[in-house]
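Note sheet for the following structure.
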Amino acid sequence: MRGRHGGNIWSLLEKGISPAEILDFSVDLNPLGPPPGWEAVLREGLQEAVLYPDPAYRDLRQAIAAAEGISPDRVLPGNGTADLIHLITRWIKPERAAVAVPTFTEYERAVRADGGEVIPCPLQEQNGFLPGPAPETGAQLLFLCNPNNPTGRIWPRDRLLEWLVSCDRQGITAVVDEAYMDFVEDDLRVSAVGWLDRFPRLIVLRSMTKSFAVPGLRLGYLAASETIVSELGGIQPPWPVNGSAALAGRWLAGQKGYLEESRRSIRIFRQGLWEQLQKLPDLRCVPSEANFILCRLAGPVWGARRLAAALAERGILIRTCDDFTGLEEDRFFRIAVRRPEQNERLLRALKEIFGHAG
Ligand SMILES: Cc1ncc(COP(=O)(O)O)c(C=O)c1O
């Protein structure tokens, strides 16, 4: 259970390193942090802690639906997107579930936890980790992530559509996880929410955790047909979102301007980081359309685990990728795009470490 995703600063705290000293590149949150004013909203949300939340989350769903341009009956909030991934596998209990890999590991874990077999659909490294033609898998469920974690690649619109059409034809429920879609530039951003009418078995996941950098709040939602929302809602434990998070979520759903500003900043921050990474001969990085970059260690001297340990000694966390299906062991790591001065600190540490290698 412990430490299977990024953001695990707790292991460093155990070693006596204080939170202020830690620079966490292992978790991919909005580098601008939460929107200004959020603390006042949280304080207001404290009052909600003395009441049970509205079991139907009417206000929260209304706010999310308004932001998405869909009916509230098509929105189901959850205790983070991770919670909803497990809800979906518990509902479908697929014998076989296709997963476009390498990707967020929780899909595979959820499928197996509900007794299913994972059918990996490889996104090939030699193809820049972009998807090929839709495969025939004999699965009941498909998970894909757009933009994909850990590669940072956005699915080309037509290819995504082809996979969704193929799922529709085969009666497969398709889950498109858009946890990082808010960070993708306007001309590349294609949310599958716009296709809900066309594909009745489509489920789209979104994460407020990521978009607004509030991972401790635990807040995500899915958008799907009214039937799917009602069936999934029917097996969800009561009050999956606490009252304070629900109130904050209502406010966050209205922060569209903040997301636009975030996208503009991420583009600039990512470009700066990318250019500097290109100058490090020890690394080959995957072009990213998201707020993180996947890096491959080019030479034989450094493995990802040893590099992560060397950085941790300097208070910097990166995400090693050994647990991602389809990535060569001990070669890959993922870093978040953070603010320029923080990116600088990582780059300085990398240069220092590689300079001392051998
Ligand atoms: C692709 C993807 N989906 C979902 C999640 C979980 O997000 P949440 O904090 O909303 O549960 C993550 C977290 O790393 C992720 O990378």
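Any read-out appearing in this document is the output of simple, stated calculations on the displayed coordinates, not a laboratory observation. For clarity, every value in this text was computed on a predicted model and none was experimentally measured. Every residue, glycine as well, gets a Cβ built from its backbone with ideal geometry; the counts of neighbours run over all protein chains shown.
Go through region 297-323 and report how many residues are closer than 23 Å to residue 179 by Cα and touching a strand residue (DSSP E or B) at 6+ places or on another chain (Cβ under 7 Å).
5
Please count how many residues of region 263-289 are closer than 21 Å to residue 327 by Cβ and β-branched (Val, Ile, Thr).
Here the count works out to 1.
Say we look at region 71-109 and pick out the residues that are assigned to a loop (DSSP other than H, G, I, E, B) and buried (at least 19 other Cβ atoms within 10 Å of the Cβ); which of these is farthest from the ligand (Cβ to nearest atom)? Give the steps one after another, and end with the answer.
Our first condition is that a residue be assigned to a loop (DSSP other than H, G, I, E, B); within region 71-109, this holds for 71, 79-80, 93-95, 102-105.
Still in the list and also buried (at least 19 other Cβ atoms within 10 Å of the Cβ): 79-80, 94, 102-104.
On the way: 79: 8, 80: 3, 94: 18, 102: 12, 103: 7, 104: 4 Å.
Top of the filtered list is 94.
Filter region 20-47 down to residues that are surrounded by 14 or more Cβ atoms within 10 Å (Cβ to Cβ) and of a type in the set (Asp, Glu) and give me whichever is nearest to residue 243 (Cα to Cα).
Here the residue is 28.
Here's the yes/no breakdown for (1) within 16 Å of the ligand (Cβ to nearest atom); (2) assigned to a helix (DSSP H, G or I):
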| residue | (1), (2) |
| --- | --- |
| 154 | yes, no |
| 160 | yes, yes |
| 174 | yes, no |
| 189 | yes, no |
| 197 | no, no |
| 216 | yes, no |
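Please enumerate the residues belonging to region 124-152 that are surrounded by fewer than 23 Cβ atoms within 10 Å (Cβ to Cβ), away from the ligand (no atom under 16 Å from the Cβ) and not charged (D, E, K, R). Break it down into steps so the answer makes sense when it comes.
We begin by selecting, within region 124-152, every residue surrounded by fewer than 23 Cβ atoms within 10 Å (Cβ to Cβ); these are 124-128, 130-138, 140.
Those still in the list that are away from the ligand (no atom under 16 Å from the Cβ) too: 124-128, 130, 132-138, 140.
Answer for region 124-152, where residues must be surrounded by fewer than 23 Cβ atoms within 10 Å (Cβ to Cβ), away from the ligand (no atom under 16 Å from the Cβ) and not charged (D, E, K, R): 124, 126, 127, 128, 130, 132, 133, 134, 135, 137, 138, 140.
Return the total of residues in region 37-71 being without any contact (Cβ under 8 Å) to a residue 24 or more places away in the chain, closer than 29 Å to residue 338 by Cβ and either touching a His at 6+ places or on another chain (Cβ under 8 Å) or of a type outside the set (Gly, Ala, Ser) (or both).
2
Can residue 239 be described as on the phi > 0 side of the Ramachandran plot, over 20 Å from the mean Cα position of the chain (by Cα) and not hydroxyl-bearing (Ser, Thr, Tyr)? Before the answer, list the steps.
Numbers: on the phi > 0 side of the Ramachandran plot: yes; over 20 Å from the mean Cα position of the chain (by Cα): yes; not hydroxyl-bearing (Ser, Thr, Tyr): yes.
Yes, satisfied.
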